[in-house]
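Note sheet for the following structure.
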Amino acid sequence: IIQNFTLENKNASGFVRLTFDDFHINHRSLLQIIDGEEVIFDSRTSQNRRPRSIQSSSRSLRLTFAANYFTNQIGFKAKYEFVDSDKWLD
């Protein structure tokens, strides 16, 4: 199962913030986060650690999640917000 998500701020000069609350995916599953054309997170190379909080460099982020059929892991939980400033004070 492969799912693709695109988080796009409707403000042409806006940004996307993404914060993971929970992260338990199988080591054979894949989560990639792409900012523009650059892969900024790849679960295969991060020892299955929860991604840091992320802010896009443009108005969108893309996520690709490829789940493993034979797993009892719960997946991940993330929240996103659309912001107008590239400053992240908290």
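Pairs linking a residue in segment 76-90 that is under 10 Å from Gln55 (Cα atoms) and in a strand (DSSP E or B) to a residue that is open to solvent by 100 Å² or more (accessible area, probe 1.4 Å) and of a type outside the set (A, V, I, L, M, F, W, C), with Cβ atoms under 8 Å and 6 or more positions apart or on different chains, are Phe82/Lys10. Anything in segment 60-75 that is at pLDDT below 95, closer than 21 Å to Asn4 by Cβ and open to solvent by 60 Å² or more (accessible area, probe 1.4 Å)? List them, or say none. Tyr69, Gln73, Ile74, listed by residue number. In segment 4-57, of all residues being part of a loop (DSSP other than H, G, I, E, B) and of a type in the set (D, E, K, R), the one that is surrounded by the most Cβ atoms within 10 Å (Cβ to Cβ) corresponds to Arg50.
The values are calculated or read from the model by the stated rules, or taken from the named source; none is laboratory data. Because the structure is predicted, anything quoted here is derived from the model rather than measured. Heads up, the Cβs are rebuilt from the backbone with ideal geometry, glycines too, and the neighbour counts pull from every protein chain shown. The protein model used for the area step is the full one, side chains on, heavy atoms only, and it has no ligands, DNA or RNA in it. Shrake-Rupley method; radii C 1.70, N 1.55, O 1.52, S 1.80 Å.
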